[in-house]
Amino acid sequence: MTQPTSPPPPAGFLAEFKDAVTTRAALLVLGVLVLQLAFITSYIGAFHHPEPSEIPLAVAAPARLVAERSAQQLRTLPGKPLDPHAVEDEATALAQVENRDVDGALVIDPGGTTDRLLIASGAGASLSQALEQVVGLTEKARGRNVRVVDVAPAAAGDARGLSSFYLVIGWCVGGYLCAAILAISAGARPANSHRAVIRLGALLLYAIAAGLLGTVIAGPVLDALPGGITALWGLGTLVVFAVGAITLAFQELAGVVGIGLAILLVVVLGNPSAGGAYPYPLLPPFWSAIGPALPPGAGTYAARSFTYFQGNGAAGPMLVLAAWAVLGAAVTVALAFFRGGRPGVAVGSGLPDDATAGAGTGTGTGRADR
C-alpha cells in the first residue's frame, strides 16, 4: 500500500523572492529605467529652449545690389538666427518657398518703407512665428515695416500645423507595436527565414490598412489635413512598414530587448527630433542633425510636403523611409536565414537549447528560460 506523501513545506518569503526575481528580470527592469531616463532627457533637451538658428531665407529686391546688401545685414545678426541669400526677383523667392528650398522670403520695396515677408505656416507655426519675430525686429531697427504674407497657410483644422506630425507619430506607434505583437505571440525571434518573410508580409498588409485609415481619419473624417488621399496613404504605408521592419530586425538581433531598442530609436530619439512642435531650425544641433535621418522626422517632413507644398521636397524623406524599410526587412530575413531552425521545433517558440532538446527526446525539462 502506497504511503501518502505530505505536501512540501511552504517556501519562505526569501526563497519566493529569489525564485520570482531572476537576474534576467532585474536586468530588464534596469533597462526600462534607462529607457525612461533617456526619454525624459531627450524630450526636455530638445524642447526646453527653442532658439532659431540659420533659418533659410531668400531676399529679393528690384535691384540685386539692394538684395545682397540686405542679406548681408541679416547674415550678421547676433547668434546667426537666419541664413539669408539674395535671389533675382520676387517670383524666384516665392518659388523657393513653395519648393521648400527656404523657409521664408523677404521682398524689399526700395521705394517705400514697408517690405513683405513671405512665410509658410503649413511647415510649422513655430517656425513662421520665429521668422516673423526675427525679421520684424530687424526691420524695425532699420526704420522699416514688414507685412507678413502666408503663401502656404495651415488648414483651419490643422492647429499650428501639428496634424501631420501627430499622424506620422501614430503610424510609427502602430508600426513597432504590430511588429512586437507578431514576434511576442510566438517568441521574440523567428526560427527560420520562412517565418520571417511571413511576419514581414503580415506587417505589410497591416501597413497598407493603417496608412489608408490614418489618412482617412486625418483628412475626410476630421478635416485636419487638406489634399488628396493617395500620396498620404502611400507615405503612411511606408512609415508603418519601415518602423515595423526596424523593430523586427532589432528583435532578430536582441530578442525581446529589441523592442526596447526600437523604442529608443523611434520614440526617444525620433519623436523630439522630428520637427513637429519645433521644426529643425529651432532645435538644438544634435536633434536637428539626427531628425531628418529617422523615420518620424522623414515622415513628418514628407507629410507636410504632400499636404501644403504639392509634394515638393518629399523625395529625400521618402528615400530615407525606403532605406529604413529595406534595411529592416533585409536584416530580419538575413539573420533568420543564417540562424536557421531545426526540424521539430516550434517556429519562434523561444525555447532554449536544453529545453528543445529535451522536448524532442523526452528527457529534458521542457521548461522555457525565464
>> Out of Ala218, Ala293, Ala245, Ala254, I need the residue that is hydrophobic (A, V, I, L, M, F, W, C), in contact with a Leu (Cβ under 8 Å, 6 or more places away or on another chain) and either surrounded by fewer than 17 Cβ atoms within 10 Å (Cβ to Cβ) or not assigned by TED's automatic domain parsing to the domain that holds Gly175 (or both). Which one?
In response: Ala254
> Out of all the residues in the stretch 264-277, which are at pLDDT 95 or above and over 10 Å from the mean Cα position of the chain (by Cα)?
Replying inline: Leu264
> Would you say Glu139 is modelled with pLDDT of 95 or more, farther than 24 Å from Phe250 by Cβ and either assigned by TED's automatic domain parsing to the domain that holds Ala67 or surrounded by fewer than 15 Cβ atoms within 10 Å (Cβ to Cβ) (or both)?
Replying inline: no
> Which one is farthest from the chain's Cα centre (by Cα) among residues in the stretch 314-338 that are surrounded by 19 or more Cβ atoms within 10 Å (Cβ to Cβ) and farther than 18 Å from Gly170 by Cα?
Replying inline: Ala336
>> Being in a loop (DSSP other than H, G, I, E, B), outside the structural domain of Ala125 (by TED's automatic domain parsing), surrounded by fewer than 23 Cβ atoms within 10 Å (Cβ to Cβ) and touching a residue at least 12 places away in the same chain (Cβ under 8 Å) is true for just one of Gly276, Gly227. Which residue is that?
In response: Gly227
>> Name the single residue that is nearest to Gly31 (Cα to Cα) among those in the stretch 287-314 being of a type in the set (Phe, Trp, Tyr) and in contact (Cβ under 8 Å) with a residue 60 or more places away in the chain.
In response: Trp287
>> Let me spell it out: the conditions are (1) at pLDDT 95 or above; (2) touching a Lys or Arg at 6+ places or on another chain (Cβ under 9 Å); (3) among the polar types (S, T, N, Q), and Asn192 meets all of them except one. Which number is the exception?
In response: (1)
> Out of all the residues in the stretch 284-308, which are in contact with a helix residue (DSSP H, G or I) (Cβ under 6 Å, 6 or more places away or on another chain) and assigned to a loop (DSSP other than H, G, I, E, B)?
Replying inline: Leu294
> What helices (runs of 4 or more DSSP H) lie completely within the stretch 21-132 and have 3 or more residues being surrounded by 21 or more Cβ atoms within 10 Å (Cβ to Cβ), free of Cβ contacts under 8 Å to residues at least 40 places away in the same chain and at positive phi?
Replying inline: none
> Do we find that Val320 is modelled with pLDDT of 95 or more, farther than 26 Å from Gln96 by Cβ, β-branched (Val, Ile, Thr) and outside any loop (DSSP other than H, G, I, E, B) in this structure?
Replying inline: no
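The values are calculated or read from the model by the stated rules, or taken from the named source; none is laboratory data. For clarity, every value in this text was computed on a predicted model and none was experimentally measured. Positions of Cβ are backbone-derived with ideal geometry, glycine not excepted, and every protein chain shown enters the neighbour counts.
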